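The values are calculated or read from the model by the stated rules, or taken from the named source; none is laboratory data. On a predicted model such as this, the values are computed, not experimentally measured, just so you know. All Cβ positions, even for glycine, are placed from backbone atoms using ideal geometry, and neighbour counts span all protein chains on display.
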Amino acid sequence: MKRKDTTTDQTSLDKIFVSHIESVGFTVSDIERAIDFYTRILPFETISDTEIWGVEIENLSGVFEARIRVARLRLGDEIIELTEYLTPKGRLIPIDSRNNDRWFQHIAIVVSDLDKAYQILRRHKVTHSSNAPQTLPEYLGDAAGIKAFYFKDFDNHILELIEFPSGKGKQKWRESAKDRSKLFLGIDHTAIVIANTQKSLEFYRDTLQMKISGESENYGDEQEHLNNVRGARVKITSLQTANAGIGVELLEYLSPTDGKPFPQDSQANDLWHWQTSFAADEINDLARRKFDFISNGVVSFEGESMAFKKALLVRDADGHAVRIVKKATDEK
């Protein structure tokens, strides 16, 4: 009789099927002020607001005695998650942060008319990161004609407005832009600064099975002033999940190469903490993988305190936090 091999297939453990990015989240200093900023100045809609504490959230966040308030906000079809640590408080974003430092992350908010959207930000005296909206030049090929502008919320999180020219961008943005009554359309992607594209692709493409949807190398006066980095030359790799939605954009600075690395002592309550949250059909076996864990393995939640039943939190090659969740509606 042939004996059945019950050992785990290592190849299967090296890949995770993630269906989509469920949300992009970050830590804020004052949840009330953050909700006001994102729903009054920007037209996000609050869909939940919950206070959570206990061993489960400690184990997921890696923060002892964590008591958090989490607000989930929607713009179009996409969701962001704002988290205030009521206890213990974390550190502020360093005042000398630059957009080529590797803790940089942002979300790109699609607008149908960037000039009109920019005027709204000006009326509310929002802090600039770019000195002005930029239109990328013709020599950049696939990126040519894209209009973009970086700005900051009150905690110095970087946000981007982006307008795609006719025929560019995802089909959903081209369709949405036809309704000129809609100015803010949704979130196209989250962008992260990385040290090495191939190393990052080992995680996002080879492990999470995202697909490359675009590549470009951006440089020139407009790119420098958009990123607020003199001499910026950026290798950009766009990635998409199987079910589309929010994408991930890898930003490798070919120059300048003096961006600071992710602080090794970072915690989830520090205000530079962002997390990209991926939904997966099955996550129980993920605790056995050789991830750089923030969480204490896979953490289960009872009731409706969180937007998911199970989750884990890990870091990618550069230190960016990635959360993988199994949503309550996916439970079998």
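Structure data summary
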{"quantity": "Residue check, Gln105 surrounded by fewer than 20 Cβ atoms within 10 Å (Cβ to Cβ) and either under 30 Å from Glu252 (Cβ atoms) or in the same structural domain as Phe184 (by TED's automatic domain parsing) (or both)", "calculated": "no"}
{"quantity": "Candidate set: region 308-326, residues that are touching a Lys or Arg at 6+ places or on another chain (Cβ under 7 Å) and surrounded by fewer than 22 Cβ atoms within 10 Å (Cβ to Cβ); chosen: the one modelled with the lowest pLDDT", "calculated": "Lys309"}
{"quantity": "Matching residues in region 41-55 - criterion: being β-branched (Val, Ile, Thr) and surrounded by 14 or more Cβ atoms within 10 Å (Cβ to Cβ)", "calculated": "Ile41, Ile52"}
{"quantity": "Scan of region 211-251 for residues that are surrounded by fewer than 19 Cβ atoms within 10 Å (Cβ to Cβ), in a loop (DSSP other than H, G, I, E, B) and not hydrophobic (A, V, I, L, M, F, W, C), ordered by number", "calculated": "Gly220, Asn228, Arg230, Gly231, Asn243"}
{"quantity": "Residues that are touching a residue at least 24 places away in the same chain (Cβ under 8 Å) and either crowded, with 23+ Cβ neighbours inside 10 Å or acidic (Asp, Glu) (or both), drawn from region 59-72", "calculated": "Leu60, Ser61, Ala66, Ala71"}
{"quantity": "Answer residue from region 265-283, given it is surrounded by fewer than 19 Cβ atoms within 10 Å (Cβ to Cβ) and at pLDDT below 95 and is nearest to Gly220 (Cα to Cα) among those", "calculated": "Asp281"}
{"quantity": "Output for region 4-29, where each listed residue is loosely packed, with under 15 Cβ neighbours inside 10 Å and either β-branched (Val, Ile, Thr) or at pLDDT 90 or above (or both)", "calculated": "Thr6, Thr7, Thr8, Thr11"}
